[in-house]
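Below is one structure, written out as structure tokens; the observations come after it.
Bear in mind that the values in this text are calculations on the coordinates, not laboratory data. Keep in mind that what you see is a predicted model, and the values were worked out from it rather than measured. Note: ideal-geometry Cβ built from the backbone for every residue, glycine included; neighbour counts use all protein chains shown.
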Amino acid sequence: MSLNLDALETPPRLLIEARLKPVQGTRFQPTGFPEIGAAEYDGPDGERMLLVESAQSMANRLEAVCWDGVGEDWVSPLSGLPYIRVRNEAGEVLTSSVLEAHRINSPYILEGKDKTVFDRLKAELADMEEGIVDIRKLAETLLRLDANALLHGVFLAKKDLAGGRLRLPRALSAFIEAEQVRVAASGGVKNDAVNPSGDTSKGFGNVPFARDEYVSPKITAYFNLDLAQLRGYGFGDAVTRLLIALALFKVQRFLETGLRLRTACDLDLEAISVTRPDGFELPALGELEAALPGLIAAARTEGVFAEPAVTEVTYRK
């Protein structure tokens, strides 16, 4: 199925905004950070703002909606895309480059006794030990192993790989903010009907607790696709179109299936709009699902993916 992406051939960015609201009621629970809890801050005009979901977390969520946890593989429209699968010594699937927080830089891929991926990276990128890192060549190598890493970035922090200088920034980034927020304070008690005054350090006894949720008249998810960065890799039209379509698929699928962020943060999509470039109409999820198999096949015929597409690694400590 043909996917019209002509309007994205020259603009430097694709910017998308999605208005969200709680599925039920008005309260929601934001992400929390060590030692500071929820990230509240003052906006440019002094209104109270809240970071509902960080860029780091959103990257993980945009990857998660592409993965079939039961089948332990891509969801069907993405079948054929390359990635690295890690098995344990018993041959069971342990993890993959799609699920790992640091993608190809996962210790399960690079730090075990199986040096399949490490040696391949070192061989293909050996001439970058000194001098300027060739970003195009790095992107070509990453595309062969895991196209997903080109959208969400990677940092190969290994001194034996170009002195730890091999990195790509995120081409697709996202975050969720809430405006004019107010705290909805509540609390509860963990009850112990058998021994209410028991030793709480061992899990006994009644334990009261405080809980802060939030309300806001405006919750917005922001998505930024760096089109200039993707074009800068120097890939042919087939690969560039595939990467753009994959990014759009991630956004649309997240908004349809991934908005239950936490137990107390279940959101619904109210409206979605493209703020740049003018005139670009965001393809629907069904349209992207129909187009992606053909885009993947077209890229494969150019020989840019590993063969087989799934690189197998056995993790041994």
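One table, with the values for the structure above:
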| read-out | value |
| --- | --- |
| Estimated distance in nm for a label pair at Ala64 and Arg19, the labels positioned 7 Å out from Cα along Cα-to-Cβ | 2.7 nm |
| Cα gyration tensor shape for the stretch 1-89, rounded if a/c is under 1.5, else prolate or oblate | oblate |
| The chain: angle of helix 55-64 to the longest principal axis, Cα-based, in degrees nearest 10 | 70 degrees |
| Debye, to nearest 20: dipole size of the stretch 63-179, +1 on Lys, Arg Cβ, -1 on Asp, Glu Cβ | 340 debye |
| Relative contact order (%) - criterion: Cα under 8 Å, at least six apart; region: the chain | 33 percent |
| Of Leu246, Thr301, Pro283, farthest towards positive along the dipole that unit charges on Lys, Arg, Asp, Glu beta carbons give the stretch 241-301 | Thr301 |
| Rounded to 10°, Cα long-axis angle of helix 135-145 versus longest principal axis of the chain | 80 degrees |
| Val133 versus Glu270: modelled label distance in nm, points set 7 Å from Cα along the beta carbon direction | 4.0 nm |
| Calculated FRET value between Lys317 and Phe155, using beta carbons and R₀ = 22 Å, to 0.05 | 0.45 |
| Cα-based helix-to-principal-axis angle, 285-301 vs the chain, degrees rounded to 10 | 30 degrees |
| Between the stretch 221-242 and the stretch 1-44, the alpha-carbon center distance in angstrom | 19 Å |
| Top of Thr31, Thr116, Thr263 by mean-square fluctuation, Gaussian network on the chain, Cα under 10 Å | Thr263 |
| For Ile36, Ile272, Ile296, Ile176, order by how many other beta-carbon atoms lie within 10 Å, fewest first | Ile36, Ile272, Ile296, Ile176 |
| Relative contact order, percent, the stretch 223-317 [alpha-carbon distance under 8 Å, six or more residues apart] | 31 percent |
| Phi to ³J(HN,Hα) by Karplus 6.51 cos²θ - 1.76 cosθ + 1.60 over the stretch 194-205, Hz, x for Gly, Pro | 7, 9, x, 9, x, 5, 5, 5, 10, x, 8, x |
| Estimated inter-spin distance, Thr26 and Asn4, nm [label 7 Å along Cα→Cβ] | 4.2 nm |
| Fluctuation leader among Asn224, Asn206, Asn88 - the chain, Gaussian network, Cα springs under 10 angstrom | Asn206 |
| Loop-resident sites, the stretch 37-146, for trypsin sites (Lys or Arg not before Pro), counting at most 14 other Cβ within 10 Å (DSSP) | Lys113, Lys115 |
| Cα centre as origin, Lys/Arg/Asp/Glu Cβ charges: the stretch 160-199 dipole, Debye | 280 debye |
| Residue exposure sequence - Asp45, Asp192 - by fewest surrounding Cβ within 10 Å | Asp45, Asp192 |
| 14 Å beta-carbon shell around Asp212, net charge (K/R +1, D/E -1) | +3 |
| Partners for Lys115 among lysines (Cα-Cα distance below 24 Å; same-chain residues under 8 apart left out) | Lys137, Lys158, Lys159, Lys317 |
| Which of Lys190, Lys21 has the fewest Cβ neighbours within 10 Å, and the rest in rising order | Lys190, Lys21 |
| Unit charges on C-beta of K, R, D, E only; dipole of the chain, Debye | 540 debye |
